[in-house]
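The values are calculated or read from the model by the stated rules, or taken from the named source; none is laboratory data. Computed from a predicted structure; not experimentally measured. Note that each Cβ is placed from the backbone with ideal geometry, even for glycine, and that neighbours are counted across all protein chains shown. SASA here: full protein model, heavy atoms, side chains in, ligands and nucleic acids out. Shrake-Rupley method; radii C 1.70, N 1.55, O 1.52, S 1.80 Å.
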Amino acid sequence: MASDSKYKYLAKNTILFSISSFGSKILSFLFVSLYTSVLTKEEYGTADLVCTTASLLIYVVTLNISDAVVRFALEKTEKQEGIFSYGLRVIFKGQLLFGMTLLIFCYYNPIHWEWYLYLFLYVTVFVNALYQITTYYLRTFDEVKSVAVAGVVNTATIIISNVLLLLVFKTGMVGYLASTIVGCLVATVYAVMVIIRRGKFNWSQICDDETKHMMVNYSIPLIFNGISWWVNSSLDRYLVTFFCGLSVNGLYAVASKIPTILTTVQSIFAEAWSISVIKEYDKEDTDDFFGNMYSLYNGFTVFGASILVLFNVLLARFLFSKDFFIAWEYSSVLVVSVVFSGLAGFAGGIFSVVRKTGYYALSTVIAAIVNTLLNLIFIPIWGAFGAAIATLISFIVVWMIRVIYAGKFIAWKINFIRDLVAYCLLGVQLVFEHLEGHFYLGQAVIVFVIAVLYKDVLGKMIMFMINRVTKKKHRK
């Protein structure tokens, strides 16, 4: 049995990252009714393309150096300042090249964007890159609490900006894009202040050539992984726009908001797990820590997805304005795809600790090819629903590949038979939901059966939380 300290450390970081991530992630879910009421489907579709494009370009522009910074700064604590300064230099150089390229692209304007959209794209990539590297760096010297505060600052700033720019000044799409930039910028300033206060920043500190070489070798495969992951998650937005138009892409973008609930929980755990997986790695998993955590994560993710599918139509009726309500048809499929993207991310953490990031790239490139081909086949036939199906299948592919390869580096014990039964039940539930009347009774039965399948996993987590609360009371 894994030592209690491993679970305590993971639980503590999970709580702190909950504070950091919950607000900003859930904001896009709670504010969707505001966005759909003040923006047209075309405006929302265009804004979504700007943000989606920025999420792709950040991998290329920054060489994904932030992941290398956190990986090597955790390991080489005596070289942290040099590693961080090298990461910043990579970002600044990449941003300079990106700016020159974007100017040329803007001049010829092959996609017929207004000039200010290119400006928003440039600034969005830059501020997100700085926010990412500074908050990642904070984790390397145990400033997880400051990461949580930065997340709160980001969320609070976006809320205030949204209210002022969308409701008071009525700036529409421009205000929507500006709010995301301002929130990220203010949070980055806070993170930099903490780094300076802790004496962890020295621009003149030089990173040795050997470490630079290892960092680049580590991060380059992650660029391909990031691009391929983006293809799995976001290419469908462009193909939906091409085949169906901006208004349908607006619907598809809104459909992704309900899965945000599950994505939020996953991302919170994933950030805490990214630290524990490095600190606690044991190839033989002698205390079953890795196997237990995979089972817990899988059980809660599948059960959570089943609950969300059950309430999907009701949530859509509550959150989406009348013109966007039809998006419920896609959102439940995207909810299930989040299950497999999260599990793939969990398994991929093993590749980070053993520095085999090539497996990241291999799995996501294969899945990206599958995703692209299926999108080209399904979207012309079924529209946005076809895009959702292609996304689900591609994430199943990347999950399967990563779990198989992760087994080479960790001897974890996983109950695959139970998991496969649960996944099949989720598929049946999707069919029930799309029947006339949504067959709520059948869906409820499936939710119950999944809860029974994972009763031991859910019970362990509940008992762990009860024990934590009980111990705190005894200390008092």
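Worth a mention:
- Which listed pairs, of K170/K257; K76/K413; K41/K145; K79/K408, have C-alpha distances above 28 Å, in listed order: K76/K413; K41/K145; K79/K408
- If you wrap the tightest convex hull around every Cα atom of the chain and split its volume per residue, you get 155 Å³.
- Förster radius 25 Å - calculated FRET efficiency between L373 and V445 (Cβ-Cβ, nearest 0.05): 0.10
- Per-residue ellipticity at 222 nm, computed for the chain from helices alone with -39500 (n - 2.57) per DSSP H run of at least four residues, works out to -28500 deg cm²/dmol.
- Order of exposure, largest accessible area first, which applies to H112, H434 with probe 1.4 Å: H112, H434
- When peptides 136-147, 165-176 are ranked by their average number of other Cβ atoms within 10 Å per residue, the highest-first order is 136-147, 165-176.
- Carbon and sulfur %, accessible surface of the range 304-406 computed with the full protein complex present, 1.4 Å: 75
- The relative contact order of the chain comes to 21 percent, based on Cα pairs under 8 Å that sit 6 or more residues apart.
- Å³ per residue enclosed by the Cα convex hull of the range 188-248: 155
- Equivalent ellipsoid dimensions for the range 355-456 as semi-axes, Å, which come from the Cα gyration tensor, largest first: 28, 24, 6
- Rounded FRET efficiency, nearest 0.05, which uses the C-beta distance separating A411 from S204 and R0 of 56 Å: 0.80
- Distance distribution note for the range 46-160: the fraction of Cα pairs above 19 angstrom is 53%.
- Paramagnetic reach from K322 in the range 29-60 [backbone N under 13 Å; point 7 Å along Cα→Cβ]: none
- Mean separation of Cα pairs under 8 Å and 6 or more residues apart, divided by the residue count, gives the range 68-150 a relative contact order of 39 percent.
- When each of the peptides 83-90, 235-242 is scored by the mean number of other C-beta atoms lying within 10 Å of its residues, the order from highest to lowest reads 83-90, 235-242.
- Length added when fully stretched, F169-D456, from 0.36 nm per residue minus Cα-Cα: 98.0 nm
- Considered as an equivalent ellipsoid built on the Cα gyration tensor, the range 134-256 has semi-axes of 34, 25, 11 Å, the largest given first.
- Calculated P(r) tail over 19 Å for the range 30-97, as whole % of Cα pairs: 54
- Binned Cα-Cα distances of the range 224-270, short to long, each 5 Å bin given as a whole percent: 6, 19, 19, 23, 20, 9, 3, 0
- Ellipsoid semi-axes in whole angstrom, largest first, where each is sqrt(5λ) of the Cα gyration tensor of the range 58-109: 30, 10, 4
- What the Cα convex hull of the range 288-416 gives, in volume per residue, is 113 Å³.
- Using only Cα coordinates, the Kirkwood hydrodynamic radius of the range 97-183 works out to 14.8 Å.
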